[in-house]
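Peer 1: Quick one: this structure, given as structure tokens, is what I'll be asking you about.
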Amino acid sequence: YTNYRRHGQMNVSRIGKKKSIDSEKDPYLLKARPGDSTACAGCGAVYKSKRWSLPAKATKPVGVKSKILCPACQKIKEGFAGGYVTISGDFAKSHKDEILNLIRNKETLSMGNNPLGRVMGIKDKKDSIELTTTTDKLAQRIGRILKKTFCGELVYKWSDDTKLARVFWKRDDPGPLNKAKKK
């Protein structure tokens, strides 16, 4: 699409794609495309019209011709993370259940749009909670929803050579949940 904006006497044009996936940096997306009506043997996602999607929970995929592992299930099986989220601070210790419920809800909502974005694992460490995700975007969204819901400090770091995000969220105030809204 092209947008024209007028700045004084000069026209400025911005041209870009609405949604671009950089498949060069994700080796799981480089493999040959599966045929239409292929289902994932791990999660049940169906590949149709060049897109993975989840069928309705109550229905089974209809017309499935073959079964393979989708890119997300391959990443989980091989331990290839696209994002890391580190959650720390006194608030995280005292509100662990609320934080994990928020993350699970965000993952469920995200999977409706992109079933390849999933939480791979959650490790409870002494001073923090560490999550691994299959995509860098999901890690970024989890950090954003933590910041929006509970305030705190949020830092993003991306690697230059691979499509990998590291997200750090921290809140030291162990106070009640509603105190975050006042800041």
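The values are calculated or read from the model by the stated rules, or taken from the named source; none is laboratory data. Source: prediction; values computed, not measured. Backbone-built Cβ (ideal geometry, glycine too); neighbour counts: all protein chains shown. With ligands, DNA and RNA removed, areas are computed over all heavy atoms of the protein, side chains included. Shrake-Rupley method; radii C 1.70, N 1.55, O 1.52, S 1.80 Å.
Peer 1: For region 36-57, what are the residues that are more than 20 Å from the chain's Cα centre (by Cα) and closer than 19 Å to Lys77 by Cβ?
Peer 2: Within region 36-57, Thr38, Ala39, Ala41 qualify.
Peer 1: Here is a further query. State whether the residues of region 153-173 include one that is loosely packed, with under 14 Cβ neighbours inside 10 Å, of a type outside the set (Lys, Arg), under 18 Å from Glu98 (Cβ atoms) and in contact (Cβ under 8 Å) with a residue 40 or more places away in the chain.
Peer 2: yes
Peer 1: Right, here's the next one. Could you figure out which of (1) at negative phi; (2) open to solvent by less than 20 Å² (accessible area, probe 1.4 Å) isn't true of Gln74?
Peer 2: (2)
Peer 1: For residues that are open to solvent by 70 Å² or more (accessible area, probe 1.4 Å) and within 14 Å of the chain's Cα centre (by Cα), scanning just region 81-120, find the one that is farthest from Cys43 (Cα to Cα).
Peer 2: In this case the residue turns out to be Tyr84.
Peer 1: What pairs can you find where one residue is in region 84-97 and under 20 Å from Gln140 (Cβ atoms), the other is among the basic types (Lys, Arg), and their Cβ atoms are less than 6 Å apart, with a gap of 6+ or different chains?
Peer 2: Tyr84/Arg166; Ser88/Lys170; Gly89/Lys170; Gly89/Arg171
Peer 1: Among the residues of region 145-169, how many are touching a Leu at 6+ places or on another chain (Cβ under 8 Å), under 13 Å from Ile87 (Cβ atoms) and not polar (S, T, N, Q)? Let's see the steps before the verdict.
Peer 2: Filtering region 145-169 for residues touching a Leu at 6+ places or on another chain (Cβ under 8 Å) gives 145-147, 149-150, 152, 154, 158, 167-169.
After this cut, where a residue has to be under 13 Å from Ile87 (Cβ atoms) as well, the list is 145-147, 149-150, 152, 154, 167-169.
From what is left, the residues that are not polar (S, T, N, Q) are 145-147, 150, 152, 154, 167-169.
Within region 145-169, residues that are touching a Leu at 6+ places or on another chain (Cβ under 8 Å), under 13 Å from Ile87 (Cβ atoms) and not polar (S, T, N, Q) number 9.
Peer 1: Provide a single number: the residues in region 121-132 that are surrounded by fewer than 20 Cβ atoms within 10 Å (Cβ to Cβ) and touching a residue at least 40 places away in the same chain (Cβ under 8 Å). It would help to see each step written out before you state the result.
Peer 2: Filtering region 121-132 for residues surrounded by fewer than 20 Cβ atoms within 10 Å (Cβ to Cβ) gives 121-130.
This time we only want the ones that are touching a residue at least 40 places away in the same chain (Cβ under 8 Å), so: 128-130.
The total comes to 3.
Peer 1: Please work out if Thr108 is in contact with a Gly (Cβ under 7 Å, 6 or more places away or on another chain) and farther than 24 Å from Pro176 by Cβ.
Peer 2: No, not satisfied.
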